[in-house]
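**Q** Here you go, one structure.
Nothing in this text is a laboratory measurement; each read-out follows from the coordinates by a stated rule. The structure presented is a predicted model; accordingly, all values stated were derived computationally and were not measured. Heads up, the Cβs are rebuilt from the backbone with ideal geometry, glycines too, and the neighbour counts pull from every protein chain shown.
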Amino acid sequence: MKYWRKPLDAERKRAPHGNVHVIFERCKGCGFCIAYCPRQVLEVSDEFNRKGYHPPVVAHPEQCVNCRLCEALCPEFAIWNTLDEQEVEATK
Amino acid sequence: MQEFELRASDFGLVLMNPNQLIVGRGTAEHHPMEDFLRMDRMPHIWCSTCGLGTCLTAFIAAVEESTIPREDIVVVSGIGCTGRAAGYLKFDSFHTTHGRAIPYATGLKVANPRLKVCLISGDGDLVSIGGNHLIHAARRNMDMTVICVNNFNYAMTGGQAAPSTPQGAFATTTPYGAFERPFNIPFLVDSCGATYVARWTALHVRQLTISIKEAMLHRGFSFIEVISPCPTVYARRNRLGSGLDLMKFYHDHSITKNFASTRECDIKFQQDIIVGKFVQKDEPTYLDAMDAQMKKTLGAKFVPYVGPMDPGADSGRTKSDART
Ligand SMILES: Cc1ncc(C[n+]2csc(CCOP(=O)(O)OP(=O)(O)O)c2C)c(N)n1
Ligand code: SF4
Ligand code: SF4
Ligand code: SF4
Ligand SMILES: [Mg+2]
């Protein structure tokens, strides 16, 4: 991620890590999640689902900061996030 | 003027506060919003890249963040693509006749003032056939939250022009371009007396969620216009591309101006859209005004109505402060 200025607490703070869950068959391929993910975690899959849409694939899972914008934007309730608790433990 | 350009994908960081919960916590198997939806009715009928589903996620998130007890919330919709919202939300919800969502909601509120009455309906439903109800609910400062999804046309019936269709836009009933002057909806409700008025687009999910939450916690007539993409009829007829293209248009052409004069919030075809919270003020609601007048005239004889009796209580009027 590119910062416009280096945050003062950049050494102490770490962005949380999230897990991304996609229901492949529920997606209608609108692409909102892919276009607006601030960390470019998602990409269009090559596969079609049964409805004939290309759902997102989680191409860069390690990049997800659990901001949950994809979850909020998805009109189909097909994508959501959970906080990676293990990661939280490890950074404490 | 701008120091740096935001890429579309940077918008997420602007929108989201990562520390803020959206809706509870899901698990790897369970989408957290499913608890608020009638999953037996999914998938919904809304087209791919339609913004209506996103409006629902904002509503659900707002309900969760408001911490208003779920059993106190009712959702009312009229007819239209947007009107399907009430049927998909797992609340006490009412899918009413075309244009009559506000009278229905008014009845609910007056009969049981404890309820948080929320409406989700379309521009055609609320401003066209239901326009008269809208102006009077605003005038009365009727305590309810109206979410008006404006897709600039009657989408469900095939894309006829609505009172919100911008001049120059094509619709099935305006094959040579719309020429009527459209309503500036925030100005309309503001001038009629609405005490909370905001406008966002379907892309502004975070701001929209905050506004819906504020509106639900507001006492009085609160109104939120949501500009939302209708790729299937409106965008196709006007060659505007997909819903994602329209989201990108909103990204590039929304100007946030909180407390802007609603008079200046006209929407012109494919030009900048002013968004923000425009009005927020405290004024007596319909029920406050009624009680005050009755007390003045009847004095001690007047017993304010506080809602249906609580079956669990011995003396009926238990939830006496429920209106606040
Ligand atoms: C009394 C009556 N008149 C006309 C109709 C046909 N009708 C159904 S939906 C609709 C317009 C809906 O427009 P809007 O509220 O903007 O909803 P959208 O589909 O755009 O979300 C109309 C005219 C109807 N159902 N009932
Ligand atoms: S939670 Fe945020 S960072 Fe993670 S995939 Fe979704 S939009 Fe991208
Ligand atoms: S936002 Fe939802 S429906 Fe749209 S592409 Fe992403 S997962 Fe699919
Ligand atoms: S017709 Fe338009 S408003 Fe209706 S579901 Fe399709 S895209 Fe959405
Ligand atoms: Mg409409």
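**Q** Give me the dipole magnitude in Debye, nearest 20, for chain B about the Cα centre, with unit charges on the beta carbon: positive for Lys and Arg, negative for Asp and Glu.
**A** 660 debye
**Q** Using helices alone, I'd like the mean residue ellipticity at 222 nm for chain B: each DSSP H run of four-plus residues gives -39500 (n - 2.57), total over residue count, nearest 500.
**A** -8000 deg cm²/dmol
**Q** Under 25 Å Cα to Cα from A:Lys13, which lysines show up? Leave out anything in the same chain fewer than 8 places away.
**A** Correct list for A:Lys13: A:Lys2, A:Lys92.
**Q** If the cut-off is 19 Å between C-alpha atoms, which lysines fall inside it for B:Lys268, apart from same-chain ones fewer than 8 positions away?
**A** The qualifying lysines are B:Lys248, B:Lys257.
**Q** OK, next. I'd like the distance between the alpha-carbon centres of segment B:97-151 and segment A:31-72, rounded to an integer number of Å.
**A** Measuring centre to centre over Cα atoms gives 36 Å.
**Q** Starting from the Cα gyration tensor of segment A:23-91, multiply each eigenvalue by 5, take the square root, and state the resulting semi-axes largest first in whole Å.
**A** Values: eigenvalues 106, 26, 24 Å².
Ellipsoid half-lengths, sorted descending, are 23, 11, 11 Å.
**Q** Work out Dmax and Rg for segment B:2-284 from the C-alpha atoms and quote the Rg first, both in angstrom.
**A** Cα only, segment B:2-284: 17.7, 54 Å (Rg, Dmax).
**Q** Continuing with the same structure: Just to be sure I understand the rule: take each whole DSSP H helix in chain B, project its Cα atoms onto its long axis, keep it if the span is 20 Å or more and its mean Kyte-Doolittle hydropathy is at least 0.0. Which ones pass?
**A** Values: long enough: B:52-66 (21 Å, 1.16).
Helix filter hits for chain B: B:52-66.
**Q** Lysines near B:Lys295 by alpha-carbon distance under 23 Å, same-chain residues fewer than 8 away left out - which ones?
**A** Qualifying lysines at Cα under 23 Å: B:Lys109, B:Lys319.
**Q** Specify which residue in the list B:Val205, B:Ser228, B:Leu126 is farthest towards the positive end of the charge dipole of chain B, using unit charges on the beta carbon of Lys, Arg (+1) and Asp, Glu (-1), about the Cα centre.
**A** It is B:Leu126, whose Cα lies furthest towards the positive end.
**Q** Also, quick follow-up: Across segment A:52-61, in residue order, what do the Karplus-derived ³J(HN,Hα) couplings come to in whole Hz, using 6.51 cos²θ - 1.76 cosθ + 1.60 with θ = phi - 60° and x for Gly and Pro?
**A** x, 9, 9, x, x, 10, 7, 7, 10, x
**Q** Amide H neighbours of B:Thr173 under 5 Å, at least 5 residues apart or on other chains, H built in the peptide plane: list them.
**A** Result for B:Thr173 returns B:Ala161.
**Q** Counting each pair of different Cα atoms once, what's the Kirkwood radius of the protein assembly as shown in Å, rounded to one decimal?
**A** Mean inverse Cα-Cα distance, inverted, gives 22.4 Å.
**Q** In the structure displayed, which of A:Lys28/A:Lys51; A:Lys28/B:Lys90; B:Lys213/B:Lys281 lie more than 19 Å apart, Cα to Cα? Could you put the intermediate results ahead of the total?
**A** On the way: A:Lys28/A:Lys51 7 Å; A:Lys28/B:Lys90 22 Å; B:Lys213/B:Lys281 16 Å.
Pairs exceeding 19 Å: A:Lys28/B:Lys90.
**Q** Hey, got the dipole for segment A:23-91? About the Cα centre, +1 on K and R Cβ, -1 on D and E Cβ, debye to the nearest 20?
**A** 440 debye
**Q** Now, a different point. Suppose we look only past 17 Å in the calculated P(r) of segment B:208-252. What percent of the Cα-Cα pairs does that tail hold? Intermediate results must be reported in sequence, preceding the final value.
**A** Working: 483 of 990 pairs.
Value for segment B:208-252 (Cα pairs over 17 Å): 49 percent.
**Q** Before rounding to the nearest 500, sum -39500 (n - 2.57) across all DSSP H runs of length at least 4 in chain A and divide by the residue total; then give [θ] at 222 nm in deg cm²/dmol.
**A** Only helices count here, giving -4000 deg cm²/dmol.
**Q** Then there is this: Please compute P(r) over all alpha-carbon pairs of segment B:48-157, binned at 10 Å starting from zero, and give each bin as a whole-number percent.
**A** 15, 50, 31, 4
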